[in-house]
Structure formats: structure tokens, C-alpha cells
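Quick notes on the structure that follows.
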Amino acid sequence: MSRDAHPPTDARRRAAGGGQGRRGRRGRALEGAERGPGAKQPGNGGGARSPRVSRMASAPTSKYNSHSLENESIKRTSRDGVNRDLSETVPRLPGETRITDKEVIYICPFNGPIKGRVYITNYRLYLRSLETDSALILDVPLGVISRIEKMGGATSRGENSYGLDITCKDMRNLRFALKQEGHSRRDMFDILTRYAFPLAHSLPIFAFLNEEKFNVDGWTVYNPVEEYRRQGLPNHHWRITFINKCYELCDTYPALLVVPYRASDDDLRRVATFRSRNRIPVLSWIHPENKTVIVRCSQPLVGMSGKRNKDDEKYLDVIRETNRQISKLTIYDARPNVNAVANKATGGGYESDDAYHNAELFFLDIHNIHVMRESLKKVKDIVYPNVEESHWLSSLESTHWLEHIKLVLTGAIQVADKVSSGKSSVLVHCSDGWDRTAQLTSLAMLMLDSFYRSIEGFEILVQKEWISFGHKFASRIGHGDKNHADADRSPIFLQFIDCVWQMSKQFPTAFEFNERFLITILDHLYSCRFGTFLYNCESARERQKVTERTVSLWSLINSNKDKFKNPFYTKEINRVLYPVASMRHLELWVNYYIRWNPRIKQQQPNPVEQRYVELLALRDEYIQRLEELQLAGSAKLAEPSTSPAGPSPMMPHVHTHF
Amino acid sequence: MLGKGVVGGGGGTKAPKPSFVSYVRPEEIHTNEKEVTEKEVTLHLLPGEQLLCEASTVLKYVQEDSCQRGIYGKLVCTDFKIAFLGDDDSALDNDETQFKNKVIGENDITLHCVDQIYGVFDEKKKTLFGQLKKYPEKLIIHCKDLRVFHFCLRYTKEEEVKRIVSGIIHHTQAPKLLKRLFLFSYAAAAQNHAATDPRNHTVMFDTLKDWCWELERTKGSVKYKAVSVNEGYKVCERLPAYFVVPTPLPEEDLSRFQGHGIPLWCWSCHNGCALLKMSALPKKEQDDGLSQMQKSFLDGIYKTIHRPPYEIVKTEDLSSNFLSLQDIQTAYSKFKQLFLIDNSTEFWDTDIKWFSLLESSSWLDIIRRCLKKAIEITECLEAQNVNVLLLEENASDLCCLVSSLVQVMMDPHCRTRIGFQSLVQKEWIMGGHSFLDRCNHLRQSDKEEVPVFLLFLDCVWQLVHQHPPAFDFTETYLTVLSDSLYIPIFSTFFFNSPHQKDNVHQRQLSLPLTQSKSSPKRGFFREETDHLIKNLLGKRISKLINSSDELHDNLREFYDSWHSKPTDYHGLLLPHIEGPEIKVWAQRYLRWIPEAQILGGGRAATVSKLLEMMEEVERLQEKIDARPHGQGALLAEAPLLLRGSARLSALFPFALLQRHPSKPVLPTSGWKALGDEEDLAKREDEFVDLGDV
């Protein structure tokens, strides 16, 4: 694969670079240096070849560092020779090929114009400062690019007024000024457009070219059968059905579904006709004790005429009865009331009282994808490039972003509370059941089930409620698509991760993962380096053989778990976590939304956390010393009766509360 | 074992319950068992405290799961506090009350802590003051520490209602005489107490030696001298008996204008630059001759301090182009209203507009401006090598605030507990901050009531919050300190000047706790909590920094460059002052609001984990140390400090836990208009007609 990709690259460079022999040689030399580890397939983990292997093993780590949290760090301290040598190389993933490089002026919004060399590959844009007093490095996966614009014309005057303005999906813009003579800008524009928006040029998304190898296979993390078994399913009331094996019942649902035992496959087919896009009510989660369930679906197709469907009504009643409760089934319609009503005009609607006697309907007032998109745009306006100074709080309020977060959290709390208290089972839908519904079910599950608060548990949650149930990642993010103004784009998943962050902030000991884990997920939501978030639904992913042809993000994370662990994590089974959905406790996620601003950058890592990690290490050291002492002591005494005081009672004690 | 404690919570696990001491005086320490079994229906009186009036069958409302519950009891008013003696002892059995204020019970309000009293007449809330014609059916008390109490008097005898309501109003709102402060009755009754603590590290600055020591410590003694010219307050009653001035300053100058116009030394920087303060000369516009005299006097002073070895002095006039006391007062009175919340509905109604309400109070902006001013001055001293002279009318409000803030940022010693207390003693107590007037302890003038000291504590809190490892104390310490402003058994914050304090002292009114400054933290919580107050992270802070940075003439550059470097917690410390970085001091302001409690969360959760780990490491250390001597000695599990940390409130150790831990709080208010986004809101997610699906 990588060999195939090279000839066009070389040809391009010859064409673009022309007679600049010096640059060409240098580029080639670098490439050669990079080829070494790239050509060697890593992951076979032999200890004998440790230097090379270890370098490979650490590669994902440094990738992470360089293009997210520590990006754009400006270190004034001069580096020593060794460091400089290392920094001369441009990072490259296996399968990543060099396209071009160019001298540009990066117009840094914080530190002014900086002369640098930009390297473009089929995966990233990498810029290194050529100025001696700045060690600035930009490492941007092309996948985060939302829009590329030319600024200034051939006749533009003024310094640095001619160049490219790149809008990114991760809350920043990049500006490069180029020389007006030659076609330097056109080349860069064309190349960037081509590789940032491969779909428009019939090119593959980078994830299909990525040849990274990890010692863990992230694709095996989620196995629906296993996950349902963990929940105690199937049981007397719920069965696993393969009716959607070929995605014939519903093309945006997963192949495997959990439905009431008493509903036949024919029932399901009939219900499907009455639910928008055939997204029938199916089980998401069951309470281990009181057996109430969270069920998700899309809106019923009531329409203007107020159509009814006996099968659907009966089906909901069957769901209600599964936990042998006499109470009504609670339906949470995520939308504001007016929107639900308005949906009737386009054939949708909601469950009316007279049709569904045994159900109670509540609206959760969460707004649609367009409102969320505009809200995030406003957030960007007040934080990038400069943080709104004088009226920070009212500006923040005017974005409504935290207000939306509050409503999503409030809705999820209501779902979780209903189920946890055993009052009734809950059915959640919005319009199509793939945006707000996914937010609500997954957040409620996170509150109810401590399993999802572990690293793998959270991966399973995302894999299940978002990826397999057809949150339209491709449309919402626009992977490789040039249509930046597409109305289908919306930061719904980001909003969900923000809610998770708010929860982890309120409960700093309840999650196994740290902030970096969440930021990494968001970075790769856009990067297109992994196949995890590609495509809109499982059927499309299967058609494209995503699991065979791409690497999973969870491979990167799970092979390097320590980096993503929260040292304060205390496993507490059966603890329901209710965040406080009050503006008094909700905060703008500064470390994500304002991370590009060097003035705002918070201390990494958090000093309290660092101190705790030191203490943990100290504890482990003491325990080890104690064991050694005890071994020595018992050897000296040669008396087995002293062993009860030995390490065995100590060890479980120490480990239980972590 | 540990895990069990956490999960089990209040269950059957009978781990040794950390005992608490409910009271301040060592001679009255109760054992924990007695305290728990005894129903709190008896009134505990402090030595010298007298019961003034009482009323029975008063119903105290308790906010619980967004509905209200009542507890019957007795409402009493003494010359020290208002107290409610309820029948309800369920709160006492809770684990959460293991940390309890020793002086002020959950249902105690010191008279000085009362902010506003409202009466409810026919569902209408009215402020109560003066003589009442009609007595309310409900009494609402807003406290200065932001607690809100609701007492229903409907079932109380009319006679008793009259007595208690007018008693409370009189004793909390009527102007008082200084000598009537409870401070004095307490001191007379508890006299033997004062001398019991021999070790007192806080420098009180009430002797010449203390000032010399401080000069020595900051290497300021070359250019500055401590003087005793004001011994017995001969020169001026505003100034302390001893203070420090530039060495060449002639002593006769000091008495020229009663200490006005004299540069007083606050602190010296490692590079020799000093922070000075000066109270402005009294303005006498009509008399040209006098103002001429003043002018030449000042010229002389400025010449002295501009001559070598002082070189350049930059004057910062805090009276003219900085905050006014009026600004601070207005801001805080708006700000505090955001936390004095009567019920759940009010909480959620204000929640939607929270950020704009917060902004319109300007309190956070005022904090920002104070921090910014302190950074500016720090930059002058540190980077420009310029002396700074703070100028203010009396040099006793913003001067205290700015100079102590600069010292906290520049001098790591001030970030230790002892150092911080010494700093408060030096800049605020000896600096003549009028605590009596600023806190309106005597209820003589609302106009004078300005929370300057609280503003200072809030600024320090921002620093503690942003850089916890740089401090030897935690936010809990600051919160307790802020509470002690209203507890009249500590004399520290109850006088306008050292002269006033010494003067009443001479008039036979003995004062308690002459080592006053150290008392609040010592008396409030039992030892276990000391862990919490003492910062675990603060390592030994040894000496002043000696790094000599390159010169910047630009504040921004100074600020940016500091923040771009890794933080040296034992060196210069600057706050972040961008909008998102200035936060609400949740522990102090939100602690009593049930809706705002995060159970098992917040910083308390990580701090308690940290504490547990420290204890475990210590225990292991002991085991290792004990190993060579007595082999195999099984150490008993030390009692866990914070049992069931999962159930602690994020605002521990203060919050009243009246919420059911397994129930969520649900916002009750609706959605605010989206304004220009209405169009979008009406749009469908997907532009697909579902009609024929």
C-alpha cells in the first residue's frame, strides 16, 4: 500500500519543487530516516529488537502529544542539541506519505507571524518554525479541516495579506501567508483541498491507508452479545433477535437487537412501519435489580391526521409489562413540545394520551442539531482567537452552550432517576432517535451503571449507543467532505463528551478515565486516522469492511491505557451518579475549547493529581520494601507461624479501594 | 475494609467514629458518646453568655428534596447568638456531622452574623427593623455567612412571638456600644484560657522586635528602620505603636501631620525594592498657607525617598484611579443576594440567568481588577526594580488589600499558615483596617460596611484555587477565617485600630485571646480537620527566590512570560486573570444551598483520597520503621479519617446534608427564549418528509 502511494508523491514533488535541489535532498533524507520504523512492522514485540520496537511503541504517545494538548507550545528555552535533532524529523505514521513542503509564514494569532516550513502529507499538515527564538510546531491532521479559503488576491498589498485561511473543526483557524509570485498558493490550496476532502476527489480516507499496528485490537472491545449478557440478557422477558441481520428491518440499526420476548418478529415488522426510519423501540439497558429498562426508538409516524397503530400501542404495552409493574410506561420525548407538534406536519409526531393509555409522555426541551451548531459557533466566537475580556460571563451565557448542556444532563438525570427508583420503564426518542436520543440514553446509562465509567466500559458505551445505533457521524462531522456549510453537520457527539466531562468534573473519583481520554476521543473524531467514527451506521461500515481495513481508536487507547487513567478512580459498583445540572456547577471546558490559547492553558498535569500519583508510587515502594523485610524476617526466623502478619492480608487491603 | 467503609456508608460498619468536640473551650471537652446520646434540646452557653429571651413551639423549615419539612423547637436569643433548639437529632447521627464547628452549631447564628431579617405577613416578605406594630407569622434570617433560616411562628404564643422577634431585632440591628460587645463578657468569664497556649508563631507586630525581625527576614534593614516614636500612640492613634520608615527620614517629620504623608514600609523584595504605603495629607483647600506647607513637606519626603539608595519610586494612587469602596460595597451586596436563596424555586429561576446575574454584580470583575493591580505592582518591584508607594486617604483599606496581595504573590513565606497570619496581622490589624466599621459590628452605619477583607480573602482564594501546591493552607482555612469575622470571641477582627484595642484594654476590659490571630483555625475544628486546613501539598518553603529575570517594560509580557514557564511554587506566583479563570468561591458561597450540593463529588472527593493515601503511606512508613525492632507487629487499622467519602458533599466540611443521597435535584424552570435562533429551533433535524415513509 505505501509503495503504491509513493510514485505520485515523488512526481508531485518534482513538479512542484522544481530545481530546488537543497530542499529536495533534505526532504528525501528525512523521508529515508522516517522510512526505517515505518517499513518495519511493529507490534511483534520482541524484546531483542528493543530499540526499534520501543520507539514504535511510543509513537502513538508522541503523536497524541504533538497534535493536541501540547500543540503550539512555544518554548523560549533553547533546546540542547539532541532535542533539536529529534525535532528535525517530521512525524509520520506507517502508511502516511509525504506530499509536499513549503516555506510559509504562519500567522499565529497569539504570537504574530512566524516563518516556518509546512509539510503536507496525506494525513497531516505539519509546520515547524524556522525562526531561532521560537520552537513552534503545528501538527494538524487534515481531517480536522473544515474549510480552506484563499485570502487576498495577487494584487493585495500589505504584509502577509496573501495566503490561506483554514477553518478547523476543533475550535481554531490557521492562517498562512505565502509569496505572491509563482503558484505557491494555488499548489498548497489544491493539495490541501485534495487530501483534506478526499471524498470529493475519489480518494480514500486516510484511515484506510493507515498501517499502524497495536498490540491490542480495539475492534474486539465491543461485542453486543457479551455486553447484553453482562446486563443479564436474554432473560424471561427480553430476547436477542437477529431479525436485522442483513439490515432489512432497519438499515440504520445494528444487526443484533434486544426486544420483548412476547413480541414476535412479525410484530416488530409491523411496528417498524409506524416508526420513523423503522427505528423501532429496542432495549438499551436493563436495571439489574428492579428490571426496569431504557428503551430507545424514533418518533411515531402520527402525522397531521393523527394516525394510530395498534401494533405499536400493543408493543409499548408489552415493554411496560416486562418488569411486572403496574405503573405507566414513561416516554421522554427529547424535543421541545412545539417541535414535536410541528413534526406532525412532516409525518412525525409523538405518542398521544388517547392512543397510549398506559404511557405518560414528557418533553425534555432539548433543541435540534441546528441550534446546537449555532451555539458552538458562538462559543468559538468568544474564545478564539481571543477570549472575550470585558463581558466574559454574559457572552458565555449568550452562546447558550452551557444551557444546552444543562438540558441534556437534566433529561438524562430524569431518565436515570425513573429507572433507578424502579418507578417505571422508560422509552426515549427524539425525531429519528440518533442524536438527542443517543445523548440521553448513553448519559443515563453512565449515571446508572458504573461499568460504563471504566475505560473499556465507556468505549463499549460509545460503540453501542452511538456507533452501532447509527448516530450519523459521517454527516454530523463531515469526514473528508468539502461541504463545510452542510446543514447536517452538528456537534452532537462533542456535546455528549462535554456532558461526560461535566460529570467527571463533579465526580472526580468516579471515572477510570481522565480528561486526556475525552480530548483524545474528540481529536480522533475528526482526524480520520481511525475507522471508529467513520460512516453513518453499522450497515455502511460493514459494506466498507471498516473493521478489516482500518484501525480502531480503542487500539491506540487500550494499548496505552496508563496515559488515560484517572489516578483518583475509586470503583464503586451500584453507585448511581447524579450530577447537579445547575449553571452554578457547569463550566466551560476550558482545556478543550480554549486549549489553543497559550494564555489560558492550564497546568498539565494538574498538581493535585501529580502529588497523588507520587504518593501512590511511594505507597507501592513501601509495600514492596515491607514485603522484602517480611521475607527476610521470616527467613531469619524460619518460623511459618509469623506469616499471618505477612504480606497476604496487606495486599487485598491495599488494593480494594482502587 | 476500606472499600467496605466507602460502600457501606451509614450501614452497619462500626468503625471507630471520629469524635468531635462541640465546643470551644478545652476545659469543657465532651466525649463524643455523650454528645450523640444527648438530645440537643439544652442550650449551651459560652462562659459569660446570657440568655435574653426565648420562644417555644417554633417551627424551623428544612429544605428537603425540593419540599419543606418542619422541625419543632425552641428559638432563643442570647447576648452572643440566636439559637434554635430542635427536637430533631437525626442530623447529629449522620456521619457528615463528624466535623462540626466548635463554637457555632448548625442552628446557631451569632448576633454579628445576622445580615437581614425579614418577616412574612400574609405571604408577603418585608424587611424587619425598629419597633414593630404587627408581628410576622414567619421569620427569615439571612446571615453574613450566607445561611438562610426560616422560622414559622404561627404555633408560638403571641407573647413569646413579640418577645423573641423584638429581642432578635433589637440585639442584631440596634446600634451598639463597643463595650457591649460579647467579646468582653466572654473574656471576663474565660480569662484563664488566654495564657494556655504557649507556642505562638504568628508574628503580632505589636513590638519593635517583631518589626525588626520582619526587616531582617526580608533584608530590608539596610534602607529602612523600625521606629518607636508612636509608643503610647503619642503621635497618632491611627498608626500602630511601632512601624518602619525609610532610614534617612527625620523623626520630627513623623509627627508633622499625625502620620499622614509618611511613607510606611510594608515589605522588601529580594532585589531591595520596597513596597511602601502612605496616607494622603488631609485636604485643606481654603488655607493656602497650610497647603503650601503640606506641599513642601511632601516635596521633602519625596526627595528623601528618591535619593539613593532608593532611586526610583512609583506612586500608585489607590484613591483616584482604582476601585472605590462604594464599588466594592455595591458589588458585594448584589453578589451575596445570588446566594441568599429562600427556596428551590428561586434557585432554579435564577439558574437560567446565572452568568449574567453574576456578571451584573461585578464582584468577579472587582476581584480581577484587584489581582491585576497586584500583578502590576509585582511587575514594578520584580521586573522594573522600582519601589512602589501606595497612596490612599487613610492607607487602611485598599492599601491593606493590595499590599498584602502583592506579598502573597511575591513572598512564599506569606503562603504558609503562620506567614499568612502574620501578614494579616501586619497589614490589616496593625495597618489599621477598621474592622469594626467595615463589618458594621456595632450596627452604627451601614454606609461604612464594606467587605474589603472578604475581597482580599476571595482574591487569595483565586490564587489557592489556581495554584493549590503553592499554599500551606486550603480553601477551608480561608472559609473558616472569613466566618471568624463575625464571631465575637476572637478579638482580632473587632477593632478599628490597635490603639482602640489597647485603649479599651486599659479601661479594665480584659480581652480574650491576645494571640488572637492564631485562634480561629485552632479553635474551630478538632485535629482531624487540621489536615484539611493545612495543605498537604505545601512543601517546605525555605527562602525567597533569587532569580533575576530580564527586564520587561511591558506588563503583558511579564504576565505571559511567567505563565509560559513551569510554576515554581516556592517563588513568584501570579494568578490567571482571564475571564474563564476567575471563579466563584463555591465552598464559601454555595455551601448552604441544598440544590447546589454534589454528593460525593467536587474537590472534597479528591482531597479525601489524597488524605487517605497520605495516612496509608505514613502507616506503611511506621511499619517499616518498626520492623527491625518488634517483628511482625500487626498495626491496627488506623481509623479512617473520612468514612464513606462517596457521601461527602463537594462543599465539605460545611454543607448541610439535607438531601436524600440517592435522589437527584432536578431543575424546575423552563427554557429561556433563544432570541435570534428561533428560526433554527423550529427547523427539523433532517430535511426529509416523513409523510410517506
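Quick note: the coordinates plus some simple rules give every number you see, no bench work behind them. Being a predicted model, the structure only gives us computed values, none of them experimental. Here Cβ is always computed from backbone atoms with ideal geometry, including for glycine, and neighbour counts include all displayed protein chains.
Numbers for the structure displayed
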item	result
Residues B:Tyr569, B:Tyr186, B:Tyr72 arranged by fewest to most Cβ contacts within 10 Å	B:Tyr72, B:Tyr569, B:Tyr186
All-pairs Cα distance distribution in region B:387-455, expressed in whole percent, bin size 5 Å	4, 17, 24, 24, 17, 9, 4, 1
Kirkwood-Stokes translational diffusion coefficient of region B:298-448, alpha-carbon pairs, 20 °C, 1.002 mPa s, µm²/s	120 µm²/s
Nitroxide proxy distance, nm - points 7 Å out along Cα→Cβ at B:Ser564 and A:Ala487	4.6 nm
Viscosity 1.567 mPa s, temperature 4 °C, Stokes-Einstein D of region A:235-367 from Kirkwood C-alpha radius, µm²/s	85 µm²/s
Overall form of region A:179-224 per C-alpha gyration tensor (a/c, 1.5; a/b vs b/c)	prolate
Fully extended contour minus Cα-Cα distance, from A:Glu548 to A:Asn223, at 0.36 nm per residue	115.4 nm
Shielding score for A:132-140, defined as the mean number of other chain Cβ atoms within 10 Å	0
Separation in nanometres of the label points that stand 7 Å from Cα toward Cβ, at B:Glu346 and B:Ala626	5.4 nm
DSSP-loop trypsin sites (Lys or Arg not before Pro) across region A:418-515, with at most 15 other Cβ within 10 angstrom	A:Lys423
Unsatisfied cross-links (Cα-Cα over 32 Å) in the set B:Lys125/B:Lys372; B:Lys60/B:Lys134; B:Lys74/B:Lys179	B:Lys125/B:Lys372
Cα-derived Rg over Rh, computed across region A:524-585 with Rh taken as Kirkwood radius	1.14
10 Å Cβ neighbours from other chains, averaged over peptide A:608-616	5
A:Lys377-A:Tyr261 pseudo-label distance in nm [points 7 Å out on the Cα-to-Cβ vector]	5.2 nm
Neighbour net charge for B:Gln462 - beta-carbon separation under 13 angstrom, K R +1, D E -1	0
Rg [Å, one decimal], Dmax [Å, integer] - region B:334-386, C-alpha atoms	17.4, 55
Order by protection proxy (mean Cβ within 10 Å, highest first), peptides A:209-215, B:206-212, A:409-415	A:409-415, A:209-215, B:206-212
FRET efficiency estimate (nearest 0.05) - Cβ-Cβ, A:Asn574 to B:Asn394, R0 56 angstrom	0.40
Cα shape, region B:117-178, gyration tensor, a/c 1.5 rule	oblate
About the Cα centre, charge dipole magnitude for region A:131-249 (Lys/Arg +1, Asp/Glu -1 at Cβ), debye	440 debye
Quotient of Cα Rg and 2.2 N^0.38 Å for region A:196-287, N being how many residues it contains	1.46
Hydrodynamic radius of region A:512-554 per Kirkwood, over alpha carbon pairs, in Å	11.1 Å
29 Å Cα-Cα threshold exceeded, pairs from A:Lys328/A:Lys464; B:Lys124/B:Lys336; B:Lys225/B:Lys583; A:Lys245/A:Lys406; A:Lys380/B:Lys314; A:Lys377/B:Lys373	B:Lys225/B:Lys583; A:Lys245/A:Lys406; A:Lys380/B:Lys314; A:Lys377/B:Lys373
Around A:Leu364: net Lys/Arg minus Asp/Glu count, Cβ-Cβ under 11 Å	0
Global size of region A:396-496 as Cα Rg and Dmax, reported in angstrom	14.7, 48
Nearest-0.05 FRET efficiency for B:Arg556 and B:Lys209, computed from C-beta distance (R0 60 Å)	0.90
